[in-house]
Amino acid sequence: SMIQRHIKPITCWLIACVLASVHTVAGQDTPATNPPPQPDPAVQQALTRIQALGGTFEMDRSVPETPVNQVSFAASKKVTNEDLATLTPLTELGLVNLGYTSISDEGLQHLATLSKLRAVNLNTTRVTGRGLAYLENLSRLEVVGISGTQTTDATLEHLLNLPRLKRLSLSNSRITDVGVEKICQLQNIEHLDLLGTQITDRSLAHVSKLPQLDTISLVGTELTDKGLAALAAAEKLKVIVADNTVVTNQGLQSLQPLENLEVLSIGMTRITDEGLQYVSKLKKLKTLSLSGTSISDVGLEQLQQLSNLEQLSLRFTRVTDDGVGRLQQKLPGCDVQW
């Protein structure tokens, strides 16, 4: 969907967001005046084993040594906890992707010595959270994905020693308001994914105080207008994804202070045409999803004021071809899906 272009699945998101920071030039041959150095036998053995396990790796060709800085075992059915010991010689690793594997807490001990790790994807693994203790000394970590795991509030304590953490995905985990309050001690958080968790409005009072918060996903949570109003204090917010919540028009009214908001997804909520008068004042909006709401042609007239709108989703609403046509005349550069 168009919203996924902004809030990508964590596996893609982890890799994309860290590529720049680990200086990967994968797949490109950099001209060199000197012959490439001979690979360390231990490293070569590790790479052979990674491929045998269905994994992939990338090398940083921006430096003469061309160290391996990314390894992915994503969705590999072969890799086991013991196999992660293979990574030990790869001391320059910046990203490890273990998403959708059978790795558990025990396997994470083999990541503890990878001091240059900046991103680790543990989504939909057998990690329970106790294994996060092996990550707590990896002070360069900026991105952690533990969606779809049995991570609990108590085990989030291990992440509090990661001062550089910027992106954290906790979706479909066992996290509650208690855990979110802990996480909000990490003042550099920019992206926070709480989709499908057990949080309530109470969490948003803490989240809104994160000074660098840029993106938040609250899909399928118990978010109400009160929680949305709390988010209005997060002045740097650019992306709010709050589909399938009980947000109403009143909540939209409270978003007016968010002058930098570019993406708003509020499908399957209780908003009506009346609420779009508040949305129309969010002048920087580029992407808007209203799918699964009671919006009609009347509400679309309000959206004509959004001159920067590029993508609009109106699936399963009450709009008509005529109403959409009038909107497209006013916003010819907007891709409307209905």
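Bear in mind these aren't lab numbers, they're just calculated from the coordinates by the rules spelled out. Bear in mind the structure is a predicted one, so any value in this text is a computation, not a measurement. Counting neighbours? That spans all protein chains shown, and the Cβs are built from the backbone with ideal geometry, glycine included.
Working ranking of peptides 185-191, 236-242 by packing, defined as the average number of other Cβ atoms within 10 Å per residue, highest first, is 236-242, 185-191. Could you work out the local net charge near Lys283, counting Lys and Arg as +1, Asp and Glu as -1, over the other residues with Cβ closer than 11 Å to its Cβ? Computed value for this residue: +1. Across all C-alpha atoms in the chain, the radius of gyration and Dmax reach 22.2, 69 Å. Modelled this way, with points 7 Å down the Cα-to-C-beta line, the labels at Thr91 and Gln277 are 6.6 nm from one another. Placing one equal scatterer on every Cα of segment 179-338 and applying the Debye formula, the log10 ratio I(q)/I(0) at q = 0.17 Å⁻¹ is -0.92. Sorted largest first, the spans of the alpha carbon positions of segment 207-272 along the three principal axes are 29, 20, 19 Å.
Protection proxy ranking for 43-55, 138-150, 303-315, using the average of other Cβ atoms within 10 Å per residue and placing the highest first: 138-150, 303-315, 43-55.
Where both bridge residues fall in the chain, DSSP classifies roughly 10% of the beta bridges as antiparallel. Neighbours of Leu98, meaning other residues whose beta-carbon lies under 13 angstrom from its beta-carbon, give a summed charge of 0 when Lys and Arg score +1 and Asp and Glu score -1. Quick check: the distance between the Cα centres of segment 82-99 and segment 258-284, to the nearest angstrom? For segment 82-99 versus segment 258-284, the Cα centre distance is 43 Å.
Quick one: net charge around Gly54, please, counting Lys, Arg +1 and Asp, Glu -1 for every other residue with C-beta under 10 Å from its C-beta. For residues surrounding Gly54, the net value is +2. Size descriptors for segment 50-108: radius of gyration and Dmax over Cα atoms are 11.6, 35 Å.
Pairs exceeding a 22 Å alpha-carbon distance, out of Lys116/Lys238; Lys238/Lys330; Lys166/Lys209; Lys78/Lys116; Lys116/Lys236: Lys116/Lys238; Lys238/Lys330; Lys78/Lys116; Lys116/Lys236.
When the alpha carbon gyration tensor of segment 268-338 is reduced to an equivalent ellipsoid, the three semi-axes, largest first, read 16, 14, 11 Å. For segment 83-211, the orientation-averaged shadow of the C-alpha convex hull comes to 6.7 nm² (one quarter of the hull surface). Protection proxy ranking, highest mean first, for peptides 318-326, 97-105, 291-299: 97-105, 291-299, 318-326, where packing is the per-residue count of other beta-carbon atoms within 10 Å, averaged. Label positions at Glu136 and Glu157, each projected 7 Å from the Cα along the C-beta direction, are separated by 0.7 nm.
For segment 74-130, the spherically averaged projection of the C-alpha convex hull amounts to 3.5 nm². The stretch between Lys78 and Gln305 holds 76.4 nm of extra length on full extension. This uses 0.36 nm per residue minus the Cα-Cα distance.
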